[in-house]
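S.K.: I have a structure here, written as structure tokens, and I will follow up with some questions on it.
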Amino acid sequence: MPVSWIDKKAHTELARIREAREKQLYPYYREFEAGGIHAQIGGKPIVNFSSNDYLGLTNDPRVKAAAHAAVDKYACGLSSSRIQATTTEHVVLEKRLAKFFGYEKALVFTTGYQAMLGLIAATADKDTTLVLDSFSHACILDGSFLAAGVPGKGPEIRFFNHNSSKSLERILKTRERPNALVLVEGVYSLDGDVANLPEFIEICERYDAVLAVDDAHGSGTLGAHGRGLAEHQGVEGRIPILMTAFSKVFGGIGGALLANTETIEMVQHNARSFLFSAALPIPIVAAVTTILDILETEGPALVRELHQKRDYFRGKLIEAGFELGASSTHIMPVMCREERKTLFMHIAMFECGVLMVPITYPGVKLGEERLRINVTRGHTQEDMDSALELLKTYGEAFFVLSGEDIGPVEE
């Protein structure tokens, strides 16, 4: 076939990828041969510090048994969307999620990404201003841009400075549309910091704006019972719309929106990402439901154990001299602030059997490159201590601790 403009564009766009592969520095899409926190890649054991399995429940025998039983009953999928592929298991999970998080109703989506896309596209129109934190996740950005692209019906889109109450208030004061939907994350996945919900709630209530919180990384990890950032900050019952994801603590894939009954039913009947996507497979529904069982009965003890390991690891990193940005959670960015240092740190750690994902431009701004470390309840003391020793060794070797340039590197 002749070379098309797409082929030419792809070749140009992939220049950085080709260079990284040639230098054996390409860090992504590694093939797991066994999953979990203790995994296997390329035939060797790996301790995974990039997993979102924060409570270590993905491989719990109870969860696996529930998924196996669901396969026997329903097979792996339902071959249609929820319009004609809703099961009792879907409905039971939605009712239980609503009760656990304290909402009237929940709606389960096939991915958390689709849940946020669906919410924004189904609610925002020409009378709406969408107000986004400047660090917003791709699902919030893409949902907003999708809504804005509807001819003649697109909302206004405004950004406020990350986690700034003053910036949020300025935008709500000067918005051009009568309605406002404010979209924030509970825990920011690249930085590990949390939203200032009490102040945001007060401002939204004062300016008649609706607050929606993507708490994918806070659900199951924050609050005494694992109900997320709202429980942790003492504002349960005051967030109109919540999104949680099943690909973190809940050990699978999917997500759910939680709100009052009519808001959920409006989304249910208008969100294209819900109406035109296959229903969440029942083995996943069963796994999520079982983890919810565990959270309801064992949640406080599991969350405490996660926090103990988080505090231990954080303390040791700070003691060693690493910069962790604004992180206050189990997600800890080790700031390298240069792509070369970040990739060398990643490769060195990986060769020693520890996986920590490197985040470089365009995932973050130039000068903010980092290794992202996710500490989980499933990591053992030995896992943590070994990783800390390696981090200190290579942090010194690549001048990540001192912030000095590593100078010329032979290749």
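The values are calculated or read from the model by the stated rules, or taken from the named source; none is laboratory data. Keep in mind it's a predicted model, so treat the numbers as computed, not measured. Cβ: placed from backbone, ideal geometry, glycine included. Neighbour counts: every protein chain shown. Heads up: the accessible areas ignore ligands, DNA and RNA and are worked out on the full protein's heavy atoms, side chains in. Shrake-Rupley method; radii C 1.70, N 1.55, O 1.52, S 1.80 Å.
S.K.: Show the residue pairs that are 6+ apart or on different chains and have beta-carbon atoms under 6 Å apart, the first residue being within region 25-47 and touching a residue at least 12 places away in the same chain (Cβ under 8 Å), the second being open to solvent by 60 Å² or more (accessible area, probe 1.4 Å).
M.R.: From region 25-47, the pairs are Gly36/Asn59; Ala39/Phe32; Ile41/Arg30; Ile41/Phe32.
S.K.: Filter region 300-348 down to the residues that are among the small types (Gly, Ala, Ser) and either within 27 Å of Ile17 (Cα to Cα) or surrounded by fewer than 20 Cβ atoms within 10 Å (Cβ to Cβ) (or both) and list them by number.
M.R.: Filtering region 300-348 for residues among the small types (Gly, Ala, Ser) gives 301, 315, 320-321, 325-328, 348.
Result: Ala301, Gly315, Ala320, Gly321, Gly325, Ala326, Ser328, Ala348.
S.K.: Under the condition of being open to solvent by 50 Å² or more (accessible area, probe 1.4 Å) and among the acidic types (Asp, Glu), which residue from region 368-404 is nearest to Asn59 (Cα to Cα)?
M.R.: Residue satisfying both the conditions and the ranking: Glu382.
S.K.: Checking the conditions here, which among Gly192, Gly226 is within 30 Å of Gly325 (Cα to Cα), at pLDDT 95 or above and touching a Gly at 6+ places or on another chain (Cβ under 6 Å)?
M.R.: Numbers: Gly192 fails: touching a Gly at 6+ places or on another chain (Cβ under 6 Å).
Only one candidate qualifies: Gly226.
S.K.: Which condition number in (1) farther than 29 Å from Thr297 by Cα; (2) of a type in the set (A, V, I, L, M); (3) surrounded by 11 or more Cβ atoms within 10 Å (Cβ to Cβ) is the one that Ile6 fails?
M.R.: (3)
S.K.: In the set Ala39, Ala65, which member is open to solvent by less than 60 Å² (accessible area, probe 1.4 Å) and more than 20 Å from Phe313 (Cβ to Cβ)? Full working, then the answer.
M.R.: On the way: Ala39 fails: more than 20 Å from Phe313 (Cβ to Cβ).
That would be Ala65, the only listed residue that is open to solvent by less than 60 Å² (accessible area, probe 1.4 Å) and more than 20 Å from Phe313 (Cβ to Cβ).
S.K.: Taking Lys365 as the residue in question, decide whether it is in contact (Cβ under 8 Å) with a residue 40 or more places away in the chain and either open to solvent by less than 30 Å² (accessible area, probe 1.4 Å) or part of a loop (DSSP other than H, G, I, E, B) (or both). Spell out the reasoning first.
M.R.: Working: in contact (Cβ under 8 Å) with a residue 40 or more places away in the chain: no; either open to solvent by less than 30 Å² (accessible area, probe 1.4 Å) or part of a loop (DSSP other than H, G, I, E, B) (or both): yes.
Spelling it out, it is not the case that Lys365 is in contact (Cβ under 8 Å) with a residue 40 or more places away in the chain and either open to solvent by less than 30 Å² (accessible area, probe 1.4 Å) or part of a loop (DSSP other than H, G, I, E, B) (or both).
S.K.: May I ask you to list pairs of residues, at least six apart or on different chains, whose Cβ atoms are under 7 Å apart, with the first in region 214-240 being of a type in the set (Gly, Ala, Ser) and surrounded by fewer than 24 Cβ atoms within 10 Å (Cβ to Cβ) and the second being assigned to a loop (DSSP other than H, G, I, E, B) and at pLDDT 95 or above?
M.R.: Gly237/Gly102
S.K.: Give me a count of the residues in region 155-206 that are touching a helix residue (DSSP H, G or I) at 6+ places or on another chain (Cβ under 7 Å), within 30 Å of Thr360 (Cβ to Cβ) and in a loop (DSSP other than H, G, I, E, B).
M.R.: Total satisfying the criteria: 4.
S.K.: Quickly run through region 278-296 and pick out the residues that are closer than 24 Å to Val187 by Cβ and either modelled with pLDDT under 95 or open to solvent by less than 50 Å² (accessible area, probe 1.4 Å) (or both).
M.R.: Within region 278-296, the first condition is being closer than 24 Å to Val187 by Cβ, and the residues that meet it are 280, 284, 287-296.
Selection gives Leu280, Ile284, Ala287, Val288, Thr289, Thr290, Ile291, Leu292, Ile294, Leu295.
S.K.: For the structure I just gave you, tell me whether Leu25 is surrounded by 11 or more Cβ atoms within 10 Å (Cβ to Cβ), hydrophobic (A, V, I, L, M, F, W, C) and in contact with a helix residue (DSSP H, G or I) (Cβ under 8 Å, 6 or more places away or on another chain). Before the answer, list the steps.
M.R.: Details: surrounded by 11 or more Cβ atoms within 10 Å (Cβ to Cβ): yes; hydrophobic (A, V, I, L, M, F, W, C): yes; in contact with a helix residue (DSSP H, G or I) (Cβ under 8 Å, 6 or more places away or on another chain): yes.
Yes: the conditions hold for Leu25.
S.K.: Sticking with this one: I need every pair where a residue in region 254-277 that is surrounded by 15 or more Cβ atoms within 10 Å (Cβ to Cβ) has its Cβ under 6 Å from the Cβ of a residue that is of a type in the set (Lys, Arg), sequence separation at least 6 or different chains.
M.R.: Listed pairs, sorted by first residue: Ile264/Lys105.
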